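So the structure is just underneath, and the comments pick up after that.
The values are calculated or read from the model by the stated rules, or taken from the named source; none is laboratory data. Remember, predicted model here, so these are calculated numbers, not experimental data. Note: ideal-geometry Cβ built from the backbone for every residue, glycine included; neighbour counts use all protein chains shown.
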Amino acid sequence: MSQRKSTLLQSYYLNIKILKQFFKDIKEAISGTDQDFTEGKLGRAIFLLSIPMVLEMVMESIFAVVDIWFVSRLGADAIATVGITESLITLIYAVAIGLSMATAALVSRRIGEKKPVAAANAAFQGIVAGFLISIVIAIPGAIFAPELLLLMGLSTEVAAGLSSYTAIMLGGNMVIMLLFIINAIFRSAGDAAISMRVLWLANSINLVLDPILIFGWGPFPELGIAGAAIATNIGRGLAVAYQLYLLFRGNGRVKLFWSKVKIDFAIMGKLIRISLGGIGQTVIATSSWVAMVRIISIFGSEIVAGYTIAIRIIIFSLLPSWGISNAAATLVGQNLGAKKPDRAEKSVWLTGRVNLVLLGFIGVVLASFPHFFMQLFIADPAVVNPGAQCLRIISVGFLAYGFGMVLIHAFNGAGDTRTPTWINFICFWIIEIPFAYLLSVTMGVGEQGVFYSIVIAETLLTIMAFIMFKRGRWKENKV
């Protein structure tokens with residue numbers, strides 16, 4: 001009996017010890033860690049990177065959902081305008097993400113090689129590139145906003161009345177560009193907690209300003225849909241200012257000095273070459289969403305509105321998994337830099353299994369209660385019903401998305417942006433867009449045909465990425 005008590009006590013104290021270590025690791029992950037991610041237990045490395053990255057994406061998810069909740073109070077036309085504007089901004093995201101991928105690949109590799117000065121140099125070149133490109137996009141985007149909305153299928157009245165949102169968002173794209181690139185610098189260096197704090201700052205400010213500027217609370221004027229755009233740009237702009245302060249004055253792993261920063265054309269050229277693949281794959285993927293919205297617009301503003309809300313809910317669900325996938329990209333880049341390709345590969349398989357379980361659970365919840373989630377935003381059945389159909393159909397493919405997302409991030413973390421580009425081209429342009437039109441219009445399935453084509457394309461993407469990753473050529477990529 002005493003031996004049994006002794007065993008139970010040992011088990012109890014062991015569980016207490018494990019629990020204490022668990023909370024200690026959470027605290028370290030959130031506050032920032034000096035962990036070398038090329039050494040030690042891989043599971044702990046994934047945990048320390050994933051926690052702040054997931055929390056970062058959770059806030060982005062909350063922002064995406066709450067933002068559209070406020071705008072939905074303005075009606076279906078306002079929701080449709082936001083949806084179509086975001087389909088245009090995805091092309092800006094494509095450039096920002098492409099540059100982020102290239103910058104992150106260079107920074108993580110240099111950090112793995114224990115070359116912090118070279119990592120800082122690569123980071124600065126990425127920031128300069130993003131700044132210059134954003135100016136080129138901002139001027140025509142702000143001027144031709146009404147024409148762009150007309151081109152995307154909105155009526156003349158809606159395009160003329162609500163184009164201020166589009167003009168402000170496109171004109172202020174610099175804050176999107178720099179926010180993406182600089183946060184990628186922090187994450188790839190292993191300072192994921194900094195990226196988390198930056199995004200929480202940006203979105204917290206936006207969530208406070210959204211209702212104030214949209215509805216004119218207190219002394220502020222009622223700006224309607226334009227207020228949503230102004231709130232977003234202010235939040236992101238202040239976050240970028242904070243990022244730059246941390247890079248030049250903070251204590252992160254990447255530190256810039258005014259006396260040493262300069263344009264390095266050799267590094268800039270390498271970064272641009274790598275980013276072309278990243279931009280290409282993201283343009284292919286995001287332009288397919290533009291095509292999806294254009295096809296959906298055939299069926300009317302209510303269907304576009306339902307699709308827009310459903311996609312926001314799906315983004316809410318996917319972004320935490322995106323954070324976990326970013327952890328895989330950082331581990332791949334740093335461990336390849338440290339000449340540990342086997343550790344890099346093992347990190348991908350382990351992270352992929354975690355993501356698969358997480359998204360599998362979320363997919364079951366969304367597929368089971370789609371009307372409930374839609375009705376949190378709007379009560380109009382003409383908007384709720386197509387949105388619920390979208391949620392139910394797309395969430396079926398969440399298992400595939402979870403693993404495929406990690407694999408694509410792993411290629412990019414290794415600096416191999418070409419492979420995902422070809423995979424995206426085949427899956428989204430050759431399969432998804434033609435199937436969407438064929439099913440929804442030619443075969444008369446309606447908007448559901450667009451939803452089915454998304455599941456088909458994303459599942460094929462995961463299968464192709466798995467095959468290419470197993471071949472192992474990404475381990476030989478030089479950056």
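If I filter the stretch 222-244 for residues that are modelled with pLDDT of 85 or more and more than 30 Å from S164 (Cα to Cα), do I get at least one hit? Before the answer, list the steps.
Narrowing the stretch 222-244 to residues modelled with pLDDT of 85 or more: 222-244.
Adding the requirement that they be more than 30 Å from S164 (Cα to Cα) leaves none.
No, the stretch 222-244 contains no residue that is modelled with pLDDT of 85 or more and more than 30 Å from S164 (Cα to Cα).
It is to be established whether one or more residues within the stretch 34-51 are hydroxyl-bearing (S, T, Y) and not in a helix (DSSP H, G or I).
We begin by selecting, within the stretch 34-51, every residue hydroxyl-bearing (S, T, Y); these are 38, 50.
Imposing the further condition that a residue be not in a helix (DSSP H, G or I) reduces the set to 38.
Looking through the stretch 34-51, at least one residue is hydroxyl-bearing (S, T, Y) and not in a helix (DSSP H, G or I).
Do the conditions hold for S188, that is, is it small (G, A, S) and either surrounded by fewer than 23 Cβ atoms within 10 Å (Cβ to Cβ) or free of Cβ contacts under 8 Å to residues at least 40 places away in the same chain (or both)?
Values: small (G, A, S): yes; either surrounded by fewer than 23 Cβ atoms within 10 Å (Cβ to Cβ) or free of Cβ contacts under 8 Å to residues at least 40 places away in the same chain (or both): no.
The answer is no for S188.
Counting just the residues of the stretch 246-294 that are part of a loop (DSSP other than H, G, I, E, B) and of a type in the set (G, A, S), which one comes out farthest from the chain's Cα centre (by Cα)?
S259
Identify, by number, the condition in (1) among the hydrophobic types (A, V, I, L, M, F, W, C); (2) closer than 26 Å to Q35 by Cβ; (3) surrounded by fewer than 20 Cβ atoms within 10 Å (Cβ to Cβ); (4) touching a residue at least 40 places away in the same chain (Cβ under 8 Å) that F248 doesn't meet.
Result: F248 passes all but (4).
Give the residues of the stretch 173-219 that are of a type outside the set (D, E, K, R) and outside any helix (DSSP H, G or I), sorted by residue number.
Taking the stretch 173-219 as the starting set, the residues that turn out to be of a type outside the set (D, E, K, R) are 173-186, 188-190, 192-196, 198-209, 211-219.
If the condition is that a residue be of a type outside the set (D, E, K, R) and outside any helix (DSSP H, G or I), then G190, G216, W217, G218, P219 are the ones that fit.
Can you report the number of residues in the stretch 321-339 which are over 20 Å from A96 (Cβ atoms), touching a residue at least 40 places away in the same chain (Cβ under 8 Å) and surrounded by fewer than 24 Cβ atoms within 10 Å (Cβ to Cβ)?
Residues that pass the stated criteria total 2.
Provide a single number: the residues in the stretch 83-131 that are within 30 Å of V293 (Cβ to Cβ) and aliphatic (A, V, I, L, M).
The initial filter retains those residues of the stretch 83-131 that are within 30 Å of V293 (Cβ to Cβ), namely 83-104, 126, 129-131.
Imposing the further condition that a residue be aliphatic (A, V, I, L, M) reduces the set to 84, 88-89, 91-92, 94-97, 99, 101-102, 104, 129.
Of the residues in that region, 14 qualify.
If you check I313 against the conditions, is it within 18 Å of the chain's Cα centre (by Cα) and among the β-branched types (V, I, T)?
Numbers: within 18 Å of the chain's Cα centre (by Cα): yes; among the β-branched types (V, I, T): yes.
Spelling it out, I313 is indeed within 18 Å of the chain's Cα centre (by Cα) and among the β-branched types (V, I, T).
Quick one: A193 ticks every box in (1) of a type in the set (G, A, S); (2) over 23 Å from V66 (Cβ atoms); (3) at pLDDT below 85 bar one, so which box is it?
Unmet condition: (3).
Suppose we keep only residues that are of a type in the set (S, T, Y) and closer than 22 Å to L162 by Cβ within the stretch 287-320. Which one would you say is surrounded by the fewest Cβ atoms within 10 Å (Cβ to Cβ)?
Step one: list which residues in the stretch 287-320 are of a type in the set (S, T, Y), which gives 287-288, 297, 301, 307-308, 317.
From what's left, closer than 22 Å to L162 by Cβ: 297, 301, 307-308.
Values: S297: 19, S301: 21, Y307: 26, T308: 27.
The qualifying residue surrounded by the fewest Cβ atoms within 10 Å (Cβ to Cβ) is S297.
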